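K.L.:
Okay, handing you the structure first.
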Amino acid sequence: MNWIERVFKLREHGTTVRTELLAGLTTFLTMAYIIFVNPSILGDAGMPKDAVFVATCLIAALGTTIMGLYANYPIALAPGMGLNAYFAYVVVLQMGFTWQAALGAVFISGCLFLAMTLFGLRGLIIRAIPHSLRLAITVGIGLFLALIALKSAGIVAASPATFVTLGDLHTPQVVLAVLGFVLIVTLDKLKVPGAILIGIVAVTIASFFFGGNEFRGVFSAPPSIAPTFLQLDIKAALTGGILNVVLVFFLVELFDATGTLMGVAKRAGLLVPGRMERLNKSLLADSGAIFAGALLGTSSTTAYAESASGVQAGGRTGLTAVTVAVLFLACLFIAPLAGVVPAYATAPALFFVACLMLRELTELDWGDTTEVIPGTVTALAMPFTYSIANGLAFGFITYAVLKLFTGKAREVHWMVWIIGGVFLFKFIYIGGH
């Protein structure tokens, strides 16, 4: 096992192989939904679902492996939710571009993203993020995960009158999710290893008896990726009408992934005085995954907030990420088994992690409204706009405006003015997509 220690430095991070493997399995189970949801969403844009399924598994495995081996972070990558919906429902179905042109736009944004990382601009942006917004990112991701979890469990439902409302609490899914949450919290308090994973597995097993879940076998041969592989249309993506789309992809990728990386790394205790030690390597890993995903045939790949569940389960190194990557590869052959974990089984795990991430609120300087208000705006906007990037956008704009009007403009890093201005331009001239 010496090579594992050399590569991942487990002792230095106070972890073990068993802990890292359990953490990887936990992260995978909380984000495995993407291998079914992504093909469904992109399929609505006319893309071949089977090929998108393969592309999703492959890019998640590739990107997460690079993150684990190169950056040694317990953070998983996969095609991002929200970005895939924008790709399918706005760019293709609403604006009328072909999915091949949309893939071209993702590829170009990925190249820009990678260039920014290589030239150190992305690292400069991250270092310019004020302390209050850094704290708020973690809280906002927690609230964002909480909303996803409550929706997946059926506790929160859509309402035309009030946007959200209480779901039907009498369904077996809600009852199982609540029991799973109580089980996870109890086991965690009793310091039982793998508490989150035990909760997910317990609810999944119970779902066969009480939730109408069906066992659909274990193995199946992977479909062909040929229908989407290298099908992107870069020439069409360079036409005037779609350049706005490239900018939107770029901005959301930049701040969604950056926010997630910082939030999860802080939760893992890897954010050392104001920066991540292996920051550039982690940034390169998720930058490279974007244009690689476009080549394979899927929308933008990003760091996953669900990685926080693995961190909570004890994951501290890239071995957690490599475990997730291996499981994504295995999904190419065990899709029926991977699809048997229902969303309401992983919802308790996400909600538990979300609750713990809110502790960062206590570190905000509540005596300075020019710090605390932008922080709370950032945190609240993430779940209410269903976007980590939008939360950061509102936070940057609020921070710059309040500092300007209260005579504290000199306290603001020059990069904050540029970022706030870019976001303001985006909202005014491009819209909120």
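K.L.:
Taking residue 9 as the anchor, which lysines have their alpha carbon closer than 23 Å to its alpha carbon, excluding any fewer than eight residues away along the same chain?
P.N.:
Once the sequence-local lysines are set aside, what remains near residue 9 is 266, 281.
K.L.:
So how do 363-370, 126-133 stack up, highest first, on mean other-Cβ count within 10 Å?
P.N.:
Numbers: 363-370: 14.0, 126-133: 19.6.
Top of the packing list down: 126-133, 363-370.
K.L.:
Still on this structure: I need the peptides 397-405, 6-14, 412-420, 137-145 ranked by packing, meaning the mean over residues of other C-beta atoms within 10 angstrom, with the highest value on top.
P.N.:
Descending packing order for the listed peptides: 137-145, 397-405, 412-420, 6-14.
K.L.:
Right, something else. Give, as a single signed number, the net charge of other residues whose beta carbon lies under 14 Å from the beta carbon of residue 223, with Lys and Arg counted +1 and Asp and Glu -1.
P.N.:
Here the count lands on 0.
K.L.:
Please give the per residue accessible area of the chain, computed with a probe of 1.4 Å over protein heavy atoms only, in Å².
P.N.:
Value for the chain: 41 Å² per residue.
K.L.:
Let me ask something else about it. Mean Kyte-Doolittle of at least 1.6 and a Cα length of 27 Å or more along the axis: which whole DSSP H helices of the chain meet both?
P.N.:
Span-like helices here: 99-118.
K.L.:
I would also like to ask the following. Could you give the length gained on full extension between residue 205 and residue 427, defined as 0.36 nm per residue of separation minus the Cα-Cα distance, in nm?
P.N.:
My answer for the length gained is 75.3 nm.
K.L.:
Which value in deg cm²/dmol, rounded to the nearest 500, describes the helix-derived mean residue ellipticity at 222 nm for the chain, given -39,500 (n - 2.57) per DSSP H run of n ≥ 4 and division by the residue count?
P.N.:
-20000 deg cm²/dmol
K.L.:
Which three extents, in angstrom, do the Cα atoms of the chain have along their principal axes, listed largest first?
P.N.:
Answer, in whole Å and largest first: 61, 58, 52 Å.
K.L.:
Which FRET efficiency value, to the nearest 0.05, do you get for residue 385 and residue 166 by plugging their Cβ-Cβ distance into 1/(1 + (r/R0)^6) with R0 = 30 Å? Intermediate results must be reported in sequence, preceding the final value.
P.N.:
Working: r = 22 Å, r/R0 = 0.72.
The formula returns an efficiency of 0.85 here.
K.L.:
Ok, one more. Can you pull the three principal axis extents for the Cα set of region 142-214, in Å, largest first?
P.N.:
43, 31, 16 Å, listed from the longest principal axis down.
K.L.:
Taking a quarter of the surface of the convex hull around the Cα atoms of region 302-422, what do you get in nm²?
P.N.:
Dividing the Cα hull surface by four gives the mean projection, 10.1 nm².
K.L.:
Moving on. Compute the distribution of all C-alpha to C-alpha distances in region 293-354, in bins of 5 Å from 0, and list the percent of pairs in each, rounded to whole numbers.
P.N.:
In order of increasing distance, the bins hold 4, 14, 17, 23, 27, 12, 3, 0 percent.
K.L.:
Quick check: net charge around residue 294, other residues with Cβ under 13 Å of its Cβ, Lys/Arg +1 and Asp/Glu -1?
P.N.:
-2
K.L.:
Stokes-Einstein D for region 364-433 at 10 °C, 1.306 mPa s, Kirkwood Rh over Cα pairs, in µm²/s? Show your work: numbers first, answer last.
P.N.:
Values: Rh = 12.3 Å.
D = 129 µm²/s.
K.L.:
Any chance you could list the semi-axes, whole Å, largest first, of the equivalent ellipsoid that the Cα gyration tensor gives for region 52-92, using √(5λ)?
P.N.:
25, 11, 6
K.L.:
What FRET efficiency would be calculated for the residue pair residue 4, residue 365, taking the C-beta separation as r and a Förster radius of 45 Å, to the nearest 0.05?
P.N.:
0.60
K.L.:
Considering every pair of different Cα atoms, what Kirkwood radius, in Å, is found for region 89-155? Present the calculation step by step, with values, prior to reporting the outcome.
P.N.:
Numbers: mean 1/r = 0.0652 Å⁻¹.
Evaluated on region 89-155, it is 15.3 Å.
The values are calculated or read from the model by the stated rules, or taken from the named source; none is laboratory data. Predicted model only: the values in this text are computed from it and were never measured. All Cβ positions, even for glycine, are placed from backbone atoms using ideal geometry, and neighbour counts span all protein chains on display. Surface accessibility is based on the protein's heavy atoms, side chains included, excluding ligands, DNA and RNA. Shrake-Rupley method; radii C 1.70, N 1.55, O 1.52, S 1.80 Å.
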